[in-house]
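Structure in structure tokens, see below.
Taken together, the values in this text are just the output of simple stated rules run on the coordinates, not laboratory data. Because the structure is a prediction, the values reported are computed rather than measured. Cβ placement follows ideal geometry from the backbone for every residue including glycine, while neighbour counts extend to all protein chains displayed.
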Amino acid sequence: MKYFWFILLIIFGIKPIISYSQNDSISFYNKKFGYKSYIAPSLLITYGLINLKNNGPTSSLSIKNYRDDNWNSFKTSTDDYLAFSPGLIMIGLDLLKVKSTSNIPNQFAITTKSAILGLGLVNVLKYSTETLRPDGSNKYSFPSGHTAFAFILAEILHQEYKNKPIVIFSGYTLATTVGAMRILNNKHWFSDVCVGAGIGIISTKLIYATHKNKWKMNKNNWFPIIGTNQLGFTYSF
């Protein structure tokens, strides 16, 4: 537990301490990424913490008991692959040259940095809290890494295609399904999933707030290569 409250302080105590500079840095607090955008994921984390073990109105233990009574035979590995689905949607939209906020190199950079930050926080919590999984397989239950990763990709879809509600809804629906499957598979508590989702969203928002878009390549110059024994991309200068 020695790192637990430190991580919460990082998540909830972010302050706009980086001053704006056109060439060097970007403020955390700006019109596009102000405090309001962090309210929903912060509430998700708070709600998850309230419902730890047998606490809260919908406690993790009560949800596990419901799962055991009604879905005890449920078992699937779909959640291992479904976590990548929001990212696959983005790749598909890129191949179709649908207009997005960032071009492909910046999307790749943002996705990489968001995954490093989000999954880094998840693993610090896993190894510091050592929460036993519902099925008793190990002590690395809290929070859910699968859910965090799925919501990282869903939030990237949100940021890239803000004017396309169907795309946004699809990303969050798929990510929520991953979280539900982790519970039904008896691999995670309800609190694990809520906190994982919140961390995934906040991590991605922080990366977008600080990313500088260094690669100014025109997205329309990227073309897929699809043929016999060939699959890849080419870029025309």
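I'd like to know which of N213, N186, Y140 lies farthest towards the positive end of the charge dipole of region 33-235, counting +1 on Cβ of Lys and Arg and -1 on Cβ of Asp and Glu.
Going by the charge dipole, the pick is N213.
One-quarter of the Cα convex hull surface for region 26-119, in nm²?
Computing the convex hull of the Cα atoms and averaging its projections yields 9.4 nm².
Quick check for me: using +1 on Lys/Arg Cβ and -1 on Asp/Glu Cβ, what's the dipole size of region 33-235 about its Cα centre, in debye to the nearest 20?
Working: 20 positive and 10 negative charges, 127 e Å.
Result for region 33-235 is approximately 600 debye, rounded to the nearest 20.
At 7 Å along Cα-to-Cβ for each site, give me the label-to-label distance between Y35 and S73 in nm.
5.2 nm
Taking the alpha-carbon distance from K75 and a cut-off under 16 Å, which aspartates and glutamates remain once sequence neighbours fewer than 8 residues away in the same chain are dropped?
Correct list for K75: D135.
If you stretched the chain out fully between I50 and Y81, how much longer would it get, using 0.36 nm times the residue separation minus the C-alpha to C-alpha distance?
Residue separation times 0.36 nm, minus the Cα-Cα distance, leaves 8.2 nm.
Let me ask something additional. On a 20 Å Cα-Cα criterion, which of the cross-link pairs K139/K205; K36/K162; K113/K139; K36/K97 come out too long? It would help to have the intermediate numbers written out before the result.
On the way: K139/K205 29 Å; K36/K162 16 Å; K113/K139 27 Å; K36/K97 31 Å.
From the list (K139/K205; K36/K162; K113/K139; K36/K97), the Cα-Cα distance tops 20 Å for K139/K205; K113/K139; K36/K97.
Mind jotting down the distance between the C-alpha centroids of region 104-178 and region 41-63, whole Å?
18 Å
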